[in-house]
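Chemist: The structure follows.
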């Protein structure tokens, strides 16, 4: 039986979210090194990465998550319209994607990159787009995709397809997926209290819908659903029998330990 996992690299983990289009290259390199190690174990890794400062800041400024707004403009910006902003965000996301692809290729992995604006339409967990391009199960091949601005087939014209919606479909519809792992920045998993006051004892090791948690959602810049959307999509995946986990991506060896059934620190989402 083929072993396959889906790993979400959070945008806040792999970019400096308050500085437009600045990547955390060292963190990306460390994550990709763990992906290489896992693939050497015969496990295929499918990566979905967030946008962070490569998408959220400009998308928030131009309200791209709301679709086309007639007559809307932003003074003093390099773009002159929402449609120009759409193209710029797509280019920025391709730039971030290329950094991850390059790091994987430098380790000898074959990478198949799948920009969503080329194959997906519409929004939410039931977005349109075939997943056939992810059919190769060779552990030496890493599939990579990401949250993106995609076309929408109504008066909206475009919108933000969250990477969390993408990981849900990949996990539920592709064969042989055993785990969905959310690699987050700055936190070990779900917490009982806000991250800025949390101690080691505040980690929620197992979460189900009756357990309250606190999460950091930067509503001032985030144009997707933040931690709440991750939990909602993760719970739907867990209900299908797939293991769903949240880990601190700044310690990527925890991902490797999880996949190898060794002790690890983080949160398990119960079905």
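Since every read-out is calculated from the coordinates, none of them should be taken as a lab result. This is a predicted model, so every value here is computed, not measured. Heads up, the Cβs are rebuilt from the backbone with ideal geometry, glycines too, and the neighbour counts pull from every protein chain shown.
Chemist: Quick one: among 122, 196, 106, which has the greatest mean-square fluctuation in a GNM of the chain with alpha-carbon springs under 10 angstrom?
Modeler: 196
Chemist: With axes computed from alpha carbons, what is the tilt in degrees of helix 25-40 against the longest principal axis of the chain, rounded to the nearest 10 within 0 to 90?
Modeler: That helix lies at roughly 50 degrees to the long axis.
Chemist: Let me ask something else. How much length is gained on full extension from residue 91 to residue 211, taking 0.36 nm per residue of separation minus their Cα-Cα distance? Don't skip to the end; give the middle numbers.
Modeler: Details: separation 120, 0.36 × 120 = 43.20 nm, distance 3.97 nm.
This chain segment gains 39.2 nm when fully extended.
Chemist: Based on the alpha carbon coordinates of region 135-271, what radius of gyration and maximum Cα-Cα distance (Dmax) apply, in Å?
Modeler: Using the Cα atoms of region 135-271, the pair Rg, Dmax is 15.9, 50 Å.
Chemist: Moving on to the next point. Please give the length that would be gained between residue 197 and residue 232 if that part of the chain were fully extended, namely 0.36 nm times their separation in residues minus their C-alpha to C-alpha distance (nm, one decimal). Don't skip to the answer; put the middle values down first.
Modeler: Working: separation 35, 0.36 × 35 = 12.60 nm, distance 2.44 nm.
Result for the pair: 10.2 nm of gain on full extension.
Chemist: Could I ask something else about it? Rank by packing, highest mean first: peptides 1-14, 245-258, with packing defined as the count of other Cβ atoms within 10 Å averaged across residues. Spell out each step's value before the answer.
Modeler: On the way: 1-14: 22.8, 245-258: 21.2.
The packing order, highest mean first, is 1-14, 245-258.
Chemist: A further question follows. Taking 0.36 nm per residue of separation and subtracting the Cα-Cα distance, what length does fully extending residue 141 through residue 156 add? Show your work: numbers first, answer last.
Modeler: Details: separation 15, 0.36 × 15 = 5.40 nm, distance 3.58 nm.
Residue separation times 0.36 nm, minus the Cα-Cα distance, leaves 1.8 nm.
Chemist: Another question, if that's okay. Give the peptides 158-165, 108-115 in descending order of average Cβ contacts within 10 Å, highest first.
Modeler: For the peptides 158-165, 108-115, the packing ranking is 158-165, 108-115.
Chemist: I would also like to ask the following. If you build the Cα gyration tensor of the chain and take the root of 5 times each eigenvalue, what three semi-axes come out, in whole angstrom, biggest first? Intermediate results must be reported in sequence, preceding the final value.
Modeler: On the way: eigenvalues 158, 93, 65 Å².
The answer is 28, 22, 18 Å, longest axis first.
Chemist: For the chain, what is the calculated [θ] at 222 nm in deg cm²/dmol (nearest 500), taking -39500 (n - 2.57) for each run of four or more DSSP H residues and dividing by its residue count?
Modeler: Values: 8 runs with 86 residues, N = 271.
Only helices count here, giving -9500 deg cm²/dmol.
Chemist: Determine, from the Cβ-Cβ distance of residue 262 and residue 1 and an R0 of 25 Å, the FRET efficiency 1/(1 + (r/R0)^6), rounded to the nearest 0.05.
Modeler: Working: r = 21 Å, r/R0 = 0.82.
After rounding, the FRET efficiency stands at 0.75.
Chemist: If R₀ is 30 angstrom, what is the calculated FRET efficiency for the pair residue 40 and residue 178, using the beta carbon separation as r and rounding to 0.05?
Modeler: Values: r = 17 Å, r/R0 = 0.57.
The pair residue 40/residue 178 has a calculated efficiency of 0.95.
Chemist: Give the peptides 32-42, 70-80 in descending order of average Cβ contacts within 10 Å, highest first. The partial results should precede the final answer.
Modeler: On the way: 32-42: 18.6, 70-80: 9.8.
Going by the mean number of other Cβ atoms within 10 Å, highest first, we get 32-42, 70-80.
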